[in-house]
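The values are calculated or read from the model by the stated rules, or taken from the named source; none is laboratory data. Not measured: the values here are computed from a predicted model. Positions of Cβ are generated from backbone atoms using ideal geometry, with glycine treated the same way; all protein chains shown enter the neighbour counts.
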Amino acid sequence: MVKGTFDIANQGKSAFKVYKVDSESSHLKAKAFPDLAPGKKGTMEVTLDTSGFPKGECLIVLTLTTNSPLRPIMNLFMAGWIE
């Protein structure tokens with residue numbers, strides 16, 4: 001089991017909301033991300049169950065659907081090496 005975090009900052013003038021979190025892998029789980037007030041910072045926590053993964057390089061994409069007017073769809077990348 002691998003745990004990771006993504007730091008997020010809201011530089012907008014209204015609350016930042018994550019409506020939906022999708023992943024190409026059912027092994028990746030993200031904790032619910034609360035609304036983020038303007039000017040605030042937050043952390044999105046994710047876990048990846050690597051059991052059954054083949055050895056070698058691994059890249060998982062996490063797609064966020066948000067209320068951001070500039071980037072309503074955001075891709076976060078988890079990369080690593082499975083031994």
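Of all residues in segment 58-67 being over 11 Å from the mean Cα position of the chain (by Cα) and modelled with pLDDT of 95 or more, which is surrounded by the fewest Cβ atoms within 10 Å (Cβ to Cβ)?
Taking segment 58-67 first, the residues over 11 Å from the mean Cα position of the chain (by Cα) are 58-59, 66-67.
Then drop every residue that is not modelled with pLDDT of 95 or more, which leaves 66-67.
Values: Thr66: 19, Asn67: 13.
Only one residue fits best here, namely Asn67.
Quick one: which of Gly39, Gly80, Gly56 is under 24 Å from Lys13 (Cα atoms) and touching a residue at least 24 places away in the same chain (Cβ under 8 Å)? Walk me through how you get there before you give the answer.
Details: Gly80 fails: under 24 Å from Lys13 (Cα atoms); Gly56 fails: under 24 Å from Lys13 (Cα atoms).
Answer to the check: Gly39.
Going by what's in this entry, would Thr63 be described as among the hydroxyl-bearing types (Ser, Thr, Tyr) and in contact with a Ser or Thr (Cβ under 8 Å, 6 or more places away or on another chain)? Steps first, answer last, please.
Numbers: among the hydroxyl-bearing types (Ser, Thr, Tyr): yes; in contact with a Ser or Thr (Cβ under 8 Å, 6 or more places away or on another chain): yes.
For Thr63, the condition - among the hydroxyl-bearing types (Ser, Thr, Tyr) and in contact with a Ser or Thr (Cβ under 8 Å, 6 or more places away or on another chain) - is met.
Can you find even one residue in segment 38-55 that is touching a Ser or Thr at 6+ places or on another chain (Cβ under 6 Å), of a type in the set (Val, Ile, Thr) and exposed (fewer than 15 other Cβ atoms within 10 Å of the Cβ)?
yes
Look through segment 4-28, keep the residues that are of a type outside the set (A, V, I, L, M), exposed (fewer than 14 other Cβ atoms within 10 Å of the Cβ) and touching a strand residue (DSSP E or B) at 6+ places or on another chain (Cβ under 7 Å), and return whichever of them is nearest to Met78 (Cα to Cα).
First, pick out the residues of segment 4-28 that are of a type outside the set (A, V, I, L, M): 4-7, 10-14, 16-17, 19-20, 22-27.
Then drop every residue that is not exposed (fewer than 14 other Cβ atoms within 10 Å of the Cβ), which leaves 5, 7, 11, 13-14, 19-20, 22, 24, 26.
Remaining after also requiring touching a strand residue (DSSP E or B) at 6+ places or on another chain (Cβ under 7 Å): 5, 7, 19-20, 22, 24.
On the way: Thr5: 10, Asp7: 13, Tyr19: 20, Lys20: 18, Asp22: 13, Glu24: 11 Å.
It comes out as Thr5.
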